[in-house]
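A.B. asks: To start, I am sharing the structure in question, which I have written as structure tokens.
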Amino acid sequence: MAVYTEVSDEDLARFVAGYDIGDVLACKGIAEGVENSNFLLHTRAGYFILTLYEKRVDPADLPFFIDLMRHLADKGISCPTPVAARDGAMLGELAGRPAAIVSFLDGMWVRRPKRVHCAELGRALAELHLAGSDFSMRRANALSVEHWRGLLALSLDQADTVSPGLADLLAREVDHLEGAWPRDLPSGVIHADLFPDNVFFIGEELSGLIDFYFACTDALAYDVAICLNAWCFEPDLAFNVTNARALLDGYRSVRAFTDAEFESLPLLARGAALRFLLTRLHDWLRVPEGALVTPKDPVEYLKKLRFHQGVSSASDYGLVT
């Protein structure tokens with residue numbers, strides 16, 4: 001989440017008047033994240049999240065995101081539910097951007113995930129995958145292995161300014177992963193961005209999953225690999241195998257891994273590290289002037305990638321057959 005586009009009080013009032021949620025009492029920008037402009041909206045009906053979809057989001061993808069959240073909520077997944085305007089539309093336009101209002105979820109995200117949080121996350125991720133198994137819409141992953149070479153090309157000439165030798169390392173890694181990437185793993189709806197700040201807890205109980213704007217159709221185990229990267233490294237970037245074991249055991253308590261998924265997990269984790277390294281590198285080098293956003297350091301994911309390059313088996317992540 002972030003704020004790239006400011007909204008005038010007058011435009012906001014006109015937009016909200018199209019909904020049965022009462023007058024605006026307050027609206028505050030949310031600075032975390034890197035993708036869309038997000039606001040905590042307080043009206044006479046309560047609290048909501050207002051999202052303006054920025055240029056990196058393809059408007060053609062918005063029906064997928066909106067319908068997916070409705071589908072998952074109907075299946076019992078605690079996630080934001082789109083609010084319909086009086087005319088039934090789930091999407092509108094505000095400040096020249098596509099915009100939507102979704103329900104507000106109680107809870108807070110944890111800065112230092114513990115074993116219990118990772119176990120809860122693993123179970124919730126598997127439940128999301130099962131709930132999405134009969135979702136009829138599909139969306140290709142625009143940031144999967146087929147796109148990494150093109151993404152790298154956008155930053156290759158400046159990569160060594162971030163870390164010496166980074167350009168060569170990334171080029172070699174893309175070559176390797178393009179040739180080795182598994183193509184026939186079980187697939188379906190994945191969240192694709194389930195970082196701790198997208199998961200809410202009340203105490204030690206998971207209360208909701210948010211920010212579905214990278215959701216797509218891809219290998220289910222790739223979603224797990226993204227979470228290993230996001231949840232199972234300490235602040236000094238040491239790998240926390242206890243958290244990893246809890247996450248993986250929590251997941252397979254709801255949905256079992258296939259043998260192929262088990263064998264592919266180190267490669268998937270390596271690819272997930274590369275994906276976030278590439279997008280963070282791109283954003284680090286191109287923060288829009290005046291944006292209320294904090295770019296995330298790509299070097300964090302360079303160190304994670306190097307860790308995964310040394311992993312030979314899923315058992316190194318704490319997963320045993």
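A.B. asks: Counting just the residues of region 12-54 that are among the charged types (D, E, K, R) and under 17 Å from the mean Cα position of the chain (by Cα), which one comes out farthest from Asp134 (Cα to Cα)?
C.D. replies: Among those that are among the charged types (D, E, K, R) and under 17 Å from the mean Cα position of the chain (by Cα), it is Glu32.
A.B. asks: Quick one: how many residues across region 18-31 are crowded, with 16+ Cβ neighbours inside 10 Å and either modelled with pLDDT of 95 or more or not aliphatic (A, V, I, L, M) (or both)?
C.D. replies: The total comes to 5.
A.B. asks: Can you tell me which residues in region 4-46 are among the β-branched types (Val, Ile, Thr), farther than 11 Å from Leu94 by Cβ and touching a Ser or Thr at 6+ places or on another chain (Cβ under 9 Å)?
C.D. replies: Ile21, Val24, Ile30, Val34
A.B. asks: May I ask you to say which residue of Leu177, Leu185 is in the same structural domain as Ala256 (by TED's automatic domain parsing), among the hydrophobic types (A, V, I, L, M, F, W, C) and either part of a loop (DSSP other than H, G, I, E, B) or farther than 30 Å from Arg255 by Cα (or both)?
C.D. replies: Leu185
A.B. asks: Would you point out which residue out of Thr217, Thr242 is part of a strand (DSSP E or B) and modelled with pLDDT of 95 or more?
C.D. replies: Unique residue meeting the criteria: Thr217.
A.B. asks: Continuing with the same structure: Any residue in region 40-55 that is surrounded by fewer than 13 Cβ atoms within 10 Å (Cβ to Cβ) and under 24 Å from Phe276 (Cβ atoms)?
C.D. replies: yes
A.B. asks: While we're looking at this one, here's another question. For region 50-57, does any single residue satisfy the condition of being of a type outside the set (Lys, Arg) and modelled with pLDDT of 95 or more?
C.D. replies: Yes: one or more hits.
A.B. asks: So, in region 263-290, of the ones that are among the charged types (D, E, K, R) and not in a loop (DSSP other than H, G, I, E, B), which residue ends up farthest from Leu152 (Cα to Cα)?
C.D. replies: Glu263
A.B. asks: Which of (1) surrounded by 15 or more Cβ atoms within 10 Å (Cβ to Cβ); (2) more than 17 Å from the chain's Cα centre (by Cα); (3) acidic (Asp, Glu) does Asp61 not meet, given it meets every other one?
C.D. replies: Of everything listed in (1) surrounded by 15 or more Cβ atoms within 10 Å (Cβ to Cβ); (2) more than 17 Å from the chain's Cα centre (by Cα); (3) acidic (Asp, Glu), Asp61 misses just condition (2).
A.B. asks: Test each condition in (1) of a type in the set (Lys, Arg); (2) surrounded by fewer than 18 Cβ atoms within 10 Å (Cβ to Cβ); (3) in contact (Cβ under 8 Å) with a residue 40 or more places away in the chain for Arg139 and report the one that comes out false.
C.D. replies: Tallying (1) of a type in the set (Lys, Arg); (2) surrounded by fewer than 18 Cβ atoms within 10 Å (Cβ to Cβ); (3) in contact (Cβ under 8 Å) with a residue 40 or more places away in the chain, Arg139 fails exactly one: (2).
A.B. asks: Among the residues of region 144-160, what is the count of those that are without any contact (Cβ under 8 Å) to a residue 60 or more places away in the chain and surrounded by 13 or more Cβ atoms within 10 Å (Cβ to Cβ)?
C.D. replies: Selection size over region 144-160: 4.
A.B. asks: Here's another thing I want to ask about it. So which residues in region 126-161 are of a type in the set (D, E, K, R) and assigned to a helix (DSSP H, G or I)?
C.D. replies: Glu127, Asp134, Glu146, Arg149, Asp157, Asp160
A.B. asks: In region 69-90, how many residues are aliphatic (A, V, I, L, M) and outside any loop (DSSP other than H, G, I, E, B)?
C.D. replies: In the first step, residues of region 69-90 are kept if they are aliphatic (A, V, I, L, M); the result is 69, 72-73, 77, 83-85, 89-90.
So of that shortlist, the ones also outside any loop (DSSP other than H, G, I, E, B) come out as 69, 72-73.
Final tally of qualifying residues: 3.
A.B. asks: OK, next. What about Ala260, is it buried (at least 23 other Cβ atoms within 10 Å of the Cβ), part of a helix (DSSP H, G or I) and either assigned by TED's automatic domain parsing to the domain that holds Glu146 or in contact with a helix residue (DSSP H, G or I) (Cβ under 7 Å, 6 or more places away or on another chain) (or both)?
C.D. replies: no
A.B. asks: Go over the candidates Asp211, Asp193, Asp197 one by one and state the one that is without any contact (Cβ under 8 Å) to a residue 60 or more places away in the chain and under 17 Å from the mean Cα position of the chain (by Cα).
C.D. replies: Criteria check complete, one pass: Asp193.
The values are calculated or read from the model by the stated rules, or taken from the named source; none is laboratory data. In this text the structure is predicted, and so the values were computed from the model without any measurement. As a convention, Cβ positions derive from the backbone with ideal geometry for all residues, glycine included, and neighbour counts pool all protein chains shown.
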